[in-house]
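Scroll down for the structure; my scribbles are underneath it.
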Amino acid sequence: MLVRRYASLTARLPASEATTLRARVCASQELEPMSTGLGARRVLVSALILSNVLPAWAAGGAPGGDAEPLQLVVVSATRIPTPQLDLASSVTVVTAEDIAAQQQRTIADVLRNIPGLNLVQQGGPGSVTSVFMRGTSSNHTKVLIDGIDVSDPSNANAAFDFGQLLTQDIERIEVLRGPQSGLYGSDAIGGVINVITRSGSGPMKLAASIEGGSFDSFNQTAGLSGSQDTFRYSANVAHLHSGATPVTPPDLLGPGEPRHDDYYDNFTVSTKLGLEVAPSFDLGLVARYTSTHLHYTGEDFSTFPALPAAQQSESNTDEYYGRATAHLVSLAGALDQTLGAAFMRNQTATLQPQTPEGLNTGERVKVDWQGAVRLAAAETLLLGLEDARDEISQPLSASTRIDSGYAELQSQLGEHWFSALNVRYDDNDRFGSKVTYRVAPAWVSQASGTKLKASVGSGFKAPTLSELFQDFPQFLFFANPNLRPESSVGYDAGIEQDLAGNRLRVGATWYHNRIRDLITTDVTATTWANVGRATTYGVESFIAWQAARQLALRLDYTYTEASDELAHQELLRRPKHKGTLNVSWRPREALLLDLSVLSVSTWVDGNRDFSIPRLDAPGYTAVNLAAAFDLTRTFTVFGRLDNLLDRRYENPVGFLQPRFRAFAGVRAKL
């Protein structure tokens, strides 16, 4: 009974702000409370393999009349810039143009439509947002911003909250699916999401926008970028405000009880600087600061089942990210080295009615070196070393240190075969060492437009500092300093084929992951233990059609099975079926229209306070329409209609997603 009474606390709060252990379990893991199988640990969403030739939704269409595949270059799959067509790894690339076409203001808006990912947002803008990749847990995805690991050490499950990252300065997002610990270490069981921000080049450019709309929304952006001689620069500021988003379902309110809408305010500043000291040596610096304020409706646990609280709670967060690099090319280009030093710090203050302020502070310092050695024209050896220290200073004091080394051999064998082999060693001062690997071959025929690909790799997730050291004696629950890392092995295989003179591309990929030693509550419900096991598998498929020079369509479908091997139950918040459609049309040079459709099947969830731990949640379909018109070369007017059909749906159960809403604004570029 105690578990259920407190299980929903983080169904509304970020896991890092939960005041009880049971609450953290439900919020951070999206699982049924106190299950002894994976039903009590996290399970995330890794993605699919379908977008390996065109940009994520073929937004905007081909720039010219020829319908040849776009040769995108991807960094995250091998840590070396590589044409996407040559990769066996499953990766989706979303560009700044894609984001602008759909007018997506947060990274949550972007990831929501990517096939293979299930995004769960507990309310409107700024609310806690988790991503489940290929059915794995919400802390099984490594998240990088300009090379900075931004997972939050102070969070109970050390996951990144996707609800706080704005898109104004993003140049591209690479979503890499499948276990990637062989290159990236801990957290990459489901995959990697790599965010790259905009660099400056050429003459100075100024850009600004202003937008308003439903739910008391008022957003502004401004940016400055360019280069001068050997110095390049980019500086951006963004403000997003949503003052009245309805989240609490009316049927959960008592008679005559008013609903308090969510309030969210996000202010972000960022910069990216570079200096070419010599033709073969350059320095770089990236920095980012975000301040957010969220007012939301929590739970009143004085009753059972718990009801939405009559007074709102408040969460205030400050995020600091920075990284400095030195890059040297030597030996006539045969050796390419980068030395980096990164810092991140997150601090969240939580105010709840009749409760003292809660404070969570975590930081990470990391130094890394990477060297790429060109052994031959079609063979590169990549070597890397890393030293990282994660620390919590509030609500407890704890830290851990990880020393790592990795190697990768990237090769082309003959005309058609491409491969990447990597291995990594991580030494953690808490649980010891871990070795992971990945093998990813591909066969590509340019003549027939055929690509066959496969991969196998391992992954792991280190125990969090909270699981190792944070006790909750008031609930008779205690940390376990002897936890081992969670581990996985995953593999996939797929085919992609060009048709209709390269105007049509189709593909499908099958994947399978098995995860063991999942950290969940033990049979006594008094501590953590490595007792969970889970299996996820599915198929990801796509059709991308360049119907005309100015008309592009893309359809994606993902099937996912995710099960707890011990409880023999479907994992929570993993829908089996998901489909997305995007249509981008430019009927005139100055006019761009973009239609997106997201359809999600039923899934298993708990109700808002988990007094009902398992129920069937209804599926939903959401339609968005965006339009932009260039008045002149300087000014553009734009607008969008979200949830065009005004569907009422909850995701997760107990938290309304916004119904029909309209936005309009103007953008200027100088």
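Worth pointing out:
- When Ala341, Ala278 are screened for being closer than 24 Å to Glu386 by Cα and out of contact with any Ser or Thr (no Cβ under 7 Å at 6 or more places or on another chain), only Ala341 passes.
- Restricting Arg608, Arg573 to those that are under 15 Å from Gly116 (Cα atoms), of a type in the set (Lys, Arg) and surrounded by 21 or more Cβ atoms within 10 Å (Cβ to Cβ) reduces the list to Arg573.
- Residue in the range 411-430 that is part of a loop (DSSP other than H, G, I, E, B), under 20 Å from His140 (Cα atoms) and among the charged types (D, E, K, R) present: yes
- Residues within the range 597-649 that are in a strand (DSSP E or B), touching a residue at least 24 places away in the same chain (Cβ under 8 Å) and of a type in the set (S, T, N, Q), tallied: 3
- Ala156 vs. criteria out of contact with any strand residue (DSSP E or B) (no Cβ under 8 Å at 6 or more places or on another chain), within 30 Å of Arg259 (Cα to Cα), among the hydrophobic types (A, V, I, L, M, F, W, C) and in contact (Cβ under 8 Å) with a residue 24 or more places away in the chain: yes
- Considering residues of the range 80-97 that are part of a loop (DSSP other than H, G, I, E, B) and closer than 16 Å to Val439 by Cβ only, the residue nearest to the chain's Cα centre (by Cα): Ser89
- Filter pass, Phe472 being more than 24 Å from Gly579 (Cα to Cα), at pLDDT below 95 and among the aromatic types (Phe, Trp, Tyr): yes
- Selection from the range 260-295 of residues that are in a loop (DSSP other than H, G, I, E, B) and closer than 17 Å to Glu314 by Cβ: His260, Asp261
- Lone unmet requirement of (1) closer than 22 Å to Glu363 by Cα; (2) touching a residue at least 12 places away in the same chain (Cβ under 8 Å); (3) surrounded by fewer than 16 Cβ atoms within 10 Å (Cβ to Cβ) for Asp471: (2)
- Lone qualifier among Pro613, Pro575, Pro618 - being modelled with pLDDT under 95 and farther than 30 Å from Leu499 by Cα: Pro613
- Hey, Ala341 in a strand (DSSP E or B), surrounded by 15 or more Cβ atoms within 10 Å (Cβ to Cβ), within 26 Å of the chain's Cα centre (by Cα) and hydrophobic (A, V, I, L, M, F, W, C) or not: no
- Filter pass, Thr380 being more than 24 Å from the chain's Cα centre (by Cα), in a strand (DSSP E or B) and not hydrophobic (A, V, I, L, M, F, W, C): yes
- When the residues of the range 644-668 are filtered to those that are surrounded by 15 or more Cβ atoms within 10 Å (Cβ to Cβ) and of a type in the set (Lys, Arg), the one that is modelled with the lowest pLDDT is Arg659.
- The number of residues in the range 423-446 that are more than 17 Å from Leu413 (Cα to Cα) and surrounded by fewer than 16 Cβ atoms within 10 Å (Cβ to Cβ) comes to 6.
- Glu561 passes every criterion in (1) in contact (Cβ under 8 Å) with a residue 60 or more places away in the chain; (2) crowded, with 17+ Cβ neighbours inside 10 Å apart from (2).
- Answer residue from the range 247-294, given it is touching a Lys or Arg at 6+ places or on another chain (Cβ under 6 Å) and among the small types (Gly, Ala, Ser) and is surrounded by the most Cβ atoms within 10 Å (Cβ to Cβ) among those: Ser270
The values are calculated or read from the model by the stated rules, or taken from the named source; none is laboratory data. Small disclaimer: the values here were computed from a predicted structure and weren't measured. Please note: Cβ atoms are built from the backbone with ideal geometry, for glycine as well, and neighbour counts cover all protein chains shown.
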